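Bear in mind that the values in this text are calculations on the coordinates, not laboratory data. Since the model is a prediction, treat every value here as computed from it, not as a measurement. Here the Cβ positions follow ideal geometry from the backbone for every residue, glycine too, while neighbour counts run over all protein chains shown.
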């Protein structure tokens, strides 16, 4: 690979974490009903789900809300890991794990958005998350690495 | 594979990754779901001398509204959020275009002063808008724009339907008169003081919960001006009633919602004065003596001390009032006469017994309100109280006295000539007096039997209270509604009634602030 491309790829990888972190605090979706004009970022979604959890809910509803909160919260955690590990420690298993998580969650969130609103430009947070996920996927695929390979490289794995 | 990830370095890096992830997650989880206080930005635009300020939380995604919608569901609404939106759309409004732009977090109405002679008031509506530009457009579309003008560099619209509207940053002001609009603009530019900076407003705002659906602040002095307060009749009435301080000093109320029910709180800067002993924060000791099926429970404390303080301070005024309005010469004269009718030297003998907690409870064992059992339970000096009650019974002509042993305690029942009974007994130096069935139930209550203090509905309602308890009343709404006439509660009200759990209304003097608080709990 040419040096210029390699450098571009490096920069791409460095940008994934900060982009995903910024995405977490930007709007992902509009609310339902009277909240249809209210924009919810990942951060606000975690908080709103928390406020719903404070109510008397069935075990199933409570568990579903916890799952949703954790899935969204994990975006911030994954973004933090990407930011920490991308510069020098990409062989750590948390790097591909967090990166592919961002890819998967961005895909799911875009899918939900598509189903709800049709083919429109997604809200900025979701758009940024998709870009972060896309950059990670491009970087990994371009360099020929795969998550299982990286995991296998780590001491104690495989 | 670089060897840096093997051994100690790998462990350290992994630990760092785990700690960073956990810290990020914990911070977000904690800060995002924490119930943040409603930021009353509108108070920063209201003139400091506002007499009435009424603010609404307009953040429909806030914990308060989330809880309120859930409570509405418990009360029978199927989809309160949807109904709210549908209601607006049925009225011809598009929620996103016409309503949502107004919802920027808080909205308020203030009234600066009421002139009863001219029947006029100054004031305005101020709202923090999500989209203030769109709000101005809507106002012009709906109310019409007659003219554009400017005050201190701020453009405003003269509305065809009457009134004036201006945009001040994120806020929109709609005033009925130009002077009020200009007053708000002056405050926004720092040329006049804001209500948010008034010490009494800040103190009340801090004393009450910061999380609410609605907040009301009233300063009677500012609201009524000199008109009423200079009126000698009004002034004298307030002074003589001993409530002048509470009435005239600023007060505030909040209404909110939380997981278990709706709550309200009121607080006043005024001091409780002589009634302070009754309003001290405490926990009821007598609730544990009341049967769990009590539908009504009222408790207070230090009645004797409060009575002494009030009478000592206002004896002359009370004597004057009694002389003017009755045939008695003084308070003592009236109390003596009332006492003699029940065989005592003065009714004060009864009042003086009530030096500790005093509670009144009622319940309906037959399930109908027409046949209640009722008791008064009081912490007293037993020998003194027994003497007083025996003299009362002995004074009744033809009284028949019966003594029984109930749960190891002596119960005395006196019946007058008409067979009307009065029962009393003592349990752990506490007087229990009331209907024979009521007294018997209290005396027979075993240590393992369910009492009001162990009743889940009572405990849940107490737990929801936004302030300490002082003098308060608890109403077991489920028991009351069961005992009431079902025909009175038809349809939707019946459904709502089934969800009502308990109600507490409480007055307490806490940290020098008198507060009235209450909670209405709602079950699934």
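Select from A:38, A:83, A:12 the residue whose mean-square fluctuation is largest in a Gaussian network model of chain A (Cα-Cα springs shorter than 10 Å). The residue that fluctuates most here is A:38. The angle between the Cα long axis of helix A:59-85 and the longest principal axis of the Cα atoms of chain A comes to about 30 degrees, rounded to the nearest 10.
Mind checking the mean number of beta-carbon atoms from other chains within 10 Å of the Cβ atoms in B:90-99?
Working: counts 0, 0, 0, 0, 0, 5, 4, 1, 0, 3.
Per-residue shielding by partner chains comes out at 1.
Only helical runs count toward this figure. For chain B, summing -39,500 (n - 2.57) over DSSP H runs of n ≥ 4 and dividing by all residues gives -11000 deg cm²/dmol at 222 nm. For peptide B:21-29, the mean count of partner chain Cβ atoms within 10 Å of a residue's Cβ comes to 6.
Working from the Cα coordinates of segment B:118-166, the gyration tensor eigenvalues give, after taking √(5λ), semi-axes of 18, 14, 13 Å in decreasing order. Of A:64, A:94, A:137, which has the largest mean-square fluctuation in a 10 Å C-alpha GNM of chain A? Answer for the Gaussian network model of chain A: A:64.
Taking one quarter of the surface of the C-alpha convex hull of segment B:21-152 gives a mean projected area of 13.5 nm².
Taking N as the residue count of the protein assembly as shown, its C-alpha radius of gyration divided by 2.2 N^0.38 Å amounts to 1.28. Altogether, the Stokes-Einstein calculation at 20 °C and 1.002 mPa s, with the Kirkwood radius of segment B:345-473 over Cα pairs as Rh, returns a diffusion coefficient of 132 µm²/s.
Three semi-axes describe the equivalent ellipsoid of segment B:108-202; taken as square roots of 5 times the Cα gyration tensor eigenvalues and ordered largest first, they are 22, 17, 12 Å.
Taking A:26, A:135, A:119 in turn, the Gaussian network model of chain A (Cα-Cα springs below 10 Å) assigns the largest fluctuation to A:119.
Given in Å, the Rg to one decimal and the Dmax to the nearest whole number for the Cα atoms of segment B:295-337 are 13.6, 41.
Counted over segment B:411-470 with a bin width of 5 Å, the fraction of Cα pairs per bin, in whole percents, is 4, 15, 18, 16, 14, 15, 9, 5, 3, 1. Rounded to the nearest 10 degrees, the angle from helix B:178-188 to the longest Cα principal axis of chain B is 80 degrees. With contributions of -39500 (n - 2.57) from each DSSP H run of at least four residues, the per-residue ellipticity at 222 nm computed over chain A stands at -24000 deg cm²/dmol. Measuring how big chain B is from its alpha-carbon positions, Rg and Dmax come out at 30.0, 107 Å.
Put a dot 7 Å past the Cα of residue B:221, heading toward its Cβ, do the same for residue A:143, and the two dots end up 7.1 nm apart. Counting pairwise Cα distances across segment B:305-385, what percent come out greater than 17 angstrom? More than 17 Å apart: 63 percent of the Cα pairs in segment B:305-385.
Over all pairs of different C-alpha atoms, segment B:31-78 has a mean inverse distance whose reciprocal, the Kirkwood radius, equals 13.2 Å. Averaged over the residues of peptide A:35-47, the number of Cβ atoms from other protein chains lying within 10 Å of each residue's Cβ is 5.
The angle between the Cα long axis of helix A:3-24 and the main principal axis of chain A comes to about 20°, on a 0 to 90 degree scale. Its relative contact order, with pairs defined as Cα atoms under 8 Å and 6+ residues apart, puts segment B:22-118 at 46 percent. The alpha carbon centroids of segment B:262-303 and segment B:17-90 are separated by 31 Å.
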